[in-house]
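Below: one structure, written as structure tokens.
FYI, it's all coordinate maths here, none of it is from the lab. All values derive from a computational prediction rather than experimental measurement. Virtual Cβ from ideal backbone geometry, glycine too; neighbours counted across all protein chains shown.
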Amino acid sequence: MKNYIIPSLLLFLGTTFTSQAQAPVISQEVKENIISRVDKEITPAIVVGVVNADGITYFSYGVKSLKTKELVDENSIFELGSISKTFTGILLADMVVKGEIDLDEPLQNLLPEGITAPTKDGKSIKLFHLSNHTSGLPRLPNNMNPSNPANPYADYTVKEMYDFLNSYELTRAIGSEFEYSNYAVGLLGNVLAAKRNMTYEELMLEIIAQPLGMKNTAIVFTTEMRENLAYGHNTGLEVENWDLPTLAGAGAIRSSAADMVKFLSANMGILESDLYSPMRLSHQITSDEEIEQKVGLGWIIDESDSVEYIWHNGATGGYNTFTGFKKDGSLGVIVLTNSESGVTDIGMHILDPSKALSDPKPSIATKVKHILDNKGIRKATKVYWIIKKNEEEAYDFGEEQLNALGYSYLQKNEIKKAISIFELNVDAFPTSSNAYDSYAEALMKNKENKKAIKNYKKSVALNPGNTNAIEMLKKLGVETKDMVEEIIVEDAVLKSYVGDYELAKGFILTISKDGSQLNAQATGQGAAPIFPKSNNEFYYKIVDAQVVFNLNEAGEVESLTLFQGGQELVGVKQ
């Protein structure tokens, strides 16, 4: 980014726009942190809007596109991602306030004929369960098979959504645990819109965006929104926008900082609106008292030093977002960026300065891409290993960095470049099932089927839960019936693994046992089953991650190691 920033323009690029003299102040520390992220090419741009009863302050830095270098401002359009869930929660609350439905209305009452919502222990899923992530429905349905991984929700149909609901069996009591679910909130948005015989976008525009004067907030781009679009990026490369026609309520909305300040102002009671009653209802905790993560209708609710913070963040393929406010209405913030790099810490710090700002590292993938495109893979590979040896702390060397770069080449049909990057990632992370899976996918696309088979087999050997690799092997004509050996672990051994393991301060992985099934639950997340690969090695099926239980010389369990994304986290048994 430094190639386009010159000293005489710094003031202009980082202009602060203030609507009133007593408007909130964005600290110099926050501005410098934002400037640093953009200058280090972690993200092309960040836009911040802060609001209180006295006014609004914006701070914008960076560009809409690395190609055009056009500057962002508070009117630039970003994908909100999961912040859309707060809109869906408000739509639910609005129908409740108007007497159209009840919060504890069974989901079954809003479903089409022939569709049956799953039940558990004689209890049914209620509408509020869908909004607060306690329905028992999973994060994503297992019948999503996107034809374009760069736009993964685009071809998921309403029929597929209901087919999944009809066939799904709940694994735990409804309302008993928090498990973040895009599927559940997307389903909620769908049934609410259907009740009004509208699309989700039509409902959102009629109830929220239009009354609040949010003219640049929509799902389908208007001409003006398209002209003001900040293009999404991943590892420094421009990526496709995401479309969520069926699960729109979970993450499909696009907006600007200027519009989102209006949304915040209405939630905070600063902007007078007929929506204030349903908005206040959406801010009330609806999750069970025993559940650690408190949730309203769509909103995450945290408390610190007797101050309640109501917030949500979001992410799509090329965007990351945060919005939140103090429940007393004294301060609200929106943070938008056009890359995959997280910005939650910026928003939280503005709301509560005691919360630290992070200092993210630039992706090694950006460096590798520059060299690969200009000097070839041999030079890029050499530089990668030199930097890893001598300057590893200066860059993000996470497994997902090269993986994302490889897929960006694959999506542009630059298959040879993709193969070279995936091969480098396999060399860098030889114990990663996902790295071998990605490499095999590129080889298969290049019709190098023998090598693809070899790498898919390696992926399954590392993680028997990799159902994608197994399916690809079947397509390649490989017999997979005996590929995953069924391992039986004695009940006494399973019992010895049960307990809490602290992976980091305040971050616990809890291992529980249900019959012969072990489950792992990280702080603030739902429980997930893990399956034995050997007597002490277990794997997830829902993510590429493995757990190894470590024994001392006496044969007692003293810790576990979580392997995920190229990282190894050791947690001592509490």
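Observations
- Treating each Cα of segment 491-573 as an identical point scatterer and summing with the Debye formula, the log10 of I(q)/I(0) at q = 0.18 Å⁻¹ comes to -0.69.
- Here's the picture: charge each Lys and Arg Cβ at +1 and each Asp and Glu Cβ at -1 in the chain, and of M444, I487, S304 the one pushed furthest to the positive end of that dipole is M444.
- A helix-only calculation puts the chain at -10000 deg cm²/dmol for mean residue ellipticity at 222 nm, using -39500 (n - 2.57) for each DSSP H run of at least four residues, averaged over all residues.
- Positive contributions from Lys and Arg (+1) and negative ones from Asp and Glu (-1), summed over other residues with Cβ under 14 Å from the Cβ of I415, come out at +2.
- Placing unit charges on each Cβ (+1 for Lys and Arg, -1 for Asp and Glu) gives the chain a dipole about its Cα centre, and among N145, Q284, L237 the Cα reaching farthest toward its positive end belongs to L237.
- Ranked by how many other Cβ atoms sit within 10 Å of their own Cβ, fewest first, the residues W242, W385 fall in the order W385, W242.
- Semi-axes of the equivalent ellipsoid for the chain, Cα gyration tensor, largest first, Å: 37, 32, 24
- Assuming charge only on the beta carbon of Lys and Arg (+1) and of Asp and Glu (-1), the dipole of segment 89-169 about its Cα centre is about 200 debye to the nearest 20.
- Over 25 Å (Cα to Cα) - which of K126/K355; K454/K475; K454/K474; K98/K327 fall in this group: K126/K355
- Legend: distances between Cα atoms for K389/K417; K382/K417; K159/K445; pairs beyond 26 Å are K159/K445.
- Radius, Kirkwood style, for segment 364-475 when every pair of distinct Cα atoms is counted (Å): 14.1 Å
- Karplus (6.51, -1.76, 1.60) ³J(HN,Hα), θ = phi - 60°, over segment 287-295, in Hz, Gly and Pro reported as x: 7, 4, 4, 6, 7, 5, 7, 8, 9
- Likely footprinting exposure, D427, D482, fewest C-beta neighbours within 10 Å first: D482, D427
- Of the DSSP H helices in the chain, those whose Cα atoms cover at least 15 Å axially and whose Kyte score averages 1.0 or more: 84-97
- Test item: Cα-centred dipole of the chain, Lys/Arg +1 and Asp/Glu -1 on Cβ, debye: 2120 debye
- Placing +1 on the Cβ of every Lys and Arg and -1 on the Cβ of every Asp and Glu, with no other charges, gives segment 382-502 a dipole of roughly 1000 debye about its Cα centre.
- Exposed trypsin sites (Lys or Arg not before Pro) absent: longest stretch of the chain, with sites in DSSP loops and at most 11 other Cβ within 10 Å deemed exposed: 99-446
- Taking amide H as placed 1.01 Å from N in the peptide plane, the amide H of I253 sits under 5 Å from that of L80, G81, S84, each at least 5 places away or on another chain.
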